[in-house]
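Structure record follows, encoded as structure tokens.
The values are calculated or read from the model by the stated rules, or taken from the named source; none is laboratory data. Computed from a predicted model, the values in this text were never measured in an experiment. All Cβ positions, even for glycine, are placed from backbone atoms using ideal geometry, and neighbour counts span all protein chains on display. Only protein heavy atoms, including side chains, enter the accessible area calculation; ligands, DNA and RNA are left aside. Shrake-Rupley method; radii C 1.70, N 1.55, O 1.52, S 1.80 Å.
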Amino acid sequence: MIRMSLGALALALPLSAAAAPESYTLDPYHTYPHFAVDHLGVSTMWGRFDKSSGKFMLDRAAKKGSLELTVETASISTGDNDKGGRPRARDEHLRSADFFNVAEFPRMTYKADSVKFDGDAVAEVSGQLTLLGVTRPLTLKMERWVCKDHPFSKKPMCGGNASGTLKRSDFGMKYGIGGIGDELRLYVEFEGLRD
């Protein structure tokens, strides 16, 4: 009887280990969504969001995964919070209805359930971005993907750098197009610890 139970256990272990999806929680202190946009055809303006949260799931054996990222739009920062002699600072303007309309839309979300792998590494994530109440497809390409044990906590972690592009006018953000670029380049540097 004991021999039979051990045999059944030995058969079950490899199957459960191979089929187990892994869940990760994004580290809000090491996850950094930011963007670049053309300004007056002269320079590139950079902005970031200081507050975000999310989770991702990986099933490496099945080459599947998913991602949910929530960004607090009021946390936008371009380094211009001092209005000086102007009616408002740039960051204040970006929070207004002309741009991110944070009073009505305090969050933007990205949900993806299509993941492409290159060997064991995630190469691309495709999903839906919801911004200003409008949902459109967005693909993020992984420029870097690493999984290893965290050097201090020793917990398994994965992270890297992702990027993609979108047209802000597709989401109804049309203020200043012509002087301010329509195309936004998105970048997300992220780290997630396994749950």
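Here are a few things to note about the model shown:
- Scanning region 94-115 for residues that are among the basic types (Lys, Arg) and surrounded by 18 or more Cβ atoms within 10 Å (Cβ to Cβ) yields one hit, 95.
- Among the residues of region 93-127, the ones that are outside any loop (DSSP other than H, G, I, E, B), out of contact with any strand residue (DSSP E or B) (no Cβ under 9 Å at 6 or more places or on another chain) and at pLDDT below 95 come to 0 in all.
Per-residue answers, yes or no, for (1) modelled with pLDDT under 95; (2) open to solvent by 80 Å² or more (accessible area, probe 1.4 Å):
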| site | (1), (2) |
| --- | --- |
| 3 | yes, yes |
| 12 | yes, no |
| 15 | yes, yes |
| 27 | no, no |
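- In region 176-187, the residues that are hydrophobic (A, V, I, L, M, F, W, C) reach residues that are open to solvent by 50 Å² or more (accessible area, probe 1.4 Å) with C-beta atoms within less than 9 angstrom, at least six apart or across chains, in these pairs: 180/38; 180/39; 180/40; 180/45; 184/165; 184/167; 186/165.
- Candidate set from region 29-41 (those that are modelled with pLDDT of 95 or more and within 12 Å of the chain's Cα centre (by Cα)); member that is farthest from residue 59 (Cα to Cα): 35
- Residue among 67, 132, 166 that alone is under 20 Å from residue 25 (Cα atoms) and within 20 Å of the chain's Cα centre (by Cα): 67
- Among all positions in region 116-127, there is no residue which is open to solvent by 40 Å² or more (accessible area, probe 1.4 Å), out of contact with any Gly (no Cβ under 6 Å at 6 or more places or on another chain) and either among the hydroxyl-bearing types (Ser, Thr, Tyr) or within 17 Å of residue 33 (Cα to Cα) (or both).
- Looking only at region 128-146, and only at residues there that are in a strand (DSSP E or B) and of a type in the set (A, V, I, L, M, F, W, C), the one that is surrounded by the fewest Cβ atoms within 10 Å (Cβ to Cβ): 146
- All positions within region 177-195 that are of a type in the set (Asp, Glu), touching a helix residue (DSSP H, G or I) at 6+ places or on another chain (Cβ under 9 Å) and part of a strand (DSSP E or B): 183
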